[in-house]
Amino acid sequence: MAQAIRIHGTGGPEVMHWEEVELGSPKPGEVLVRQTAVGVNYIDVYHRNGAYPLSLPSGIGVEGAGVIEAVGEDVSDLAPGDRVAYAGGPPGAYADARLVPAARVLKLPEKVSDQLAASLIFKGLTVECLIRRPPGQLVLAPI
């Protein structure tokens with residue numbers, strides 16, 4: 001069993017509850033991540049208060065980092081023991097473990113901490129989608 005923050009209705013922080021959840025094994029194209037860090041984003045508030053509706057009950061949180069514990073069929077580029085981070089996919093990052101679509105997962109370089117990765121991937125994707133720059137120009141952030 002895993003532990004996760006779940007919401008059964010919308011509202012303020014009081015609607016979040018720490019619960020046991022059954023994860024099962026990864027399906028094809030999924031990985032099971034034992035999380036070591038979770039990103040907190042403003043979209044989590046929008047999910048919680050109903051501004052961006054979710055099917056309830058639901059988990060919340062869209063990014064995290066940790067270690068892969070198991071992989072589903074058809075996952076060949078990731079393996080148990082890999083340090084990884086992810087962003088996007090179904091909400092549910094506020095948990096100690098979760099199933100994640102393998103297509104959303106990145107292996108972490110040794111120099112990048114779990115905490116840094118879990119706090120920046122979603123924000124980096126947001127910048128990538130919103131910034132206007134000439135073709136071929138890169139935006140870099142020091143780590």
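Every number here is computed from the coordinates shown, using simple stated rules; none is lab data. Remember, it's a predicted structure, so these values are computed and weren't measured experimentally. As a convention, Cβ positions derive from the backbone with ideal geometry for all residues, glycine included, and neighbour counts pool all protein chains shown.
I need the GluC sites (Glu not before Pro) found in the range 34-143, filtered to DSSP loop residues with at most 11 other beta carbons within 10 Å of theirs. Of the GluC sites (Glu not before Pro), the ones in loops of the range 34-143 whose Cβ has at most 11 other Cβ atoms within 10 Å are 73, 110. Counting beta carbons within 10 Å around each of 16, 1 and listing the fewest first gives the order 1, 16.
log₁₀ I(q)/I(0) of the range 38-79 at q = 0.15, 0.20, 0.25 Å⁻¹, via Debye over equal Cα point scatterers, no solvent, to two decimals? For the range 38-79 at q = 0.15, 0.20, 0.25 Å⁻¹, log10 I(q)/I(0) is -0.56, -0.73, -0.83. Working note: Karplus 6.51/-1.76/1.60 with θ = phi - 60° gives the range 62-74 the couplings 10, 8, x, 9, x, 10, 6, 9, 7, 10, x, 4, 6 Hz, where Gly and Pro are set to x.
Across the range 7-22, rounded Karplus estimates of 3J(HN,Hα) from the backbone phi angles (6.51 cos²θ - 1.76 cosθ + 1.60, θ = phi - 60°) give 10, 10, x, 9, x, x, x, 5, 7, 8, 9, 7, 9, 7, 10, 8 Hz, Gly and Pro being marked x. Note: relative contact order over the chain, using C-alpha pairs below 8 Å and six or more positions apart, is 27 percent.
For the chain, excluding the exposed loop sites themselves (trypsin sites (Lys or Arg not before Pro), DSSP loop, at most 15 other Cβ atoms within 10 Å), the longest remaining stretch covers 1-110. Percentage of Cα-Cα pair distances in the chain greater than 19 Å, rounded to whole percent? Result for the distance tail: 54 percent.
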